[in-house]
Amino acid sequence: MITKRSFFNRLYGNSSVGDTFDSFDDELPDTTLIRKEPRENATEATKRSLPLDDAPSSGEGQLPVDVHQTANDIVIQAFVAGVRPDELSISISRDMVEISGARMEREQIAGPDYFTRELFWGSFSRTILLPQEVDVDASSASAKDGLLTIILPKLDKARQTKLRVKAG
């Protein structure tokens, strides 16, 4: 009786064709032998798979951010490690925040001397459209341990004040 090999057995190749078991596939197992190539050295594979450029990228990077809300605030967080706080530019309007800056390499290393190069160097920016209007004047920003945190107090549209009319 010819039985089908399970997915895991076909994947790892650790069962013989004569074993009996259930399979979810309707096709018969492929009995051709698969020739396995020897594993590469990890550094050789990394060098081949990652493009290494001597010159930094001319494009502008996009800063990844987390945006969440509390009862009274909208909070934006972004990793800006390697950027001094005075090198960051933050522009806030009632419905939008723009963060920009630049991360510069401290020393120049030749391309062939790299094994892996994944860090972004150069200018970056991010524009975030806010889900509701915020109080621009009461907003604050702080950076600690490479994490930029911007706190934007929400405007309460339901809040009303009564004005007195002055005679005069």
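The values are calculated or read from the model by the stated rules, or taken from the named source; none is laboratory data. All of these numbers come straight from a predicted model, not from anything done at the bench. Every residue, glycine among them, receives a Cβ derived from its backbone with ideal geometry; neighbour counts consider all protein chains shown.
Restricting attention to segment 70-89, the residues that are under 20 Å from the mean Cα position of the chain (by Cα), modelled with pLDDT under 95 and surrounded by fewer than 16 Cβ atoms within 10 Å (Cβ to Cβ) add up to 2.
Here is the figure for segment 123-155: residues that are surrounded by 11 or more Cβ atoms within 10 Å (Cβ to Cβ) and touching a Ser or Thr at 6+ places or on another chain (Cβ under 6 Å) total 4.
For segment 108-116, the count of residues that are touching a Gly at 6+ places or on another chain (Cβ under 9 Å), surrounded by 13 or more Cβ atoms within 10 Å (Cβ to Cβ) and either of a type in the set (S, T, N, Q) or over 15 Å from Gln62 (Cβ atoms) (or both) is zero.
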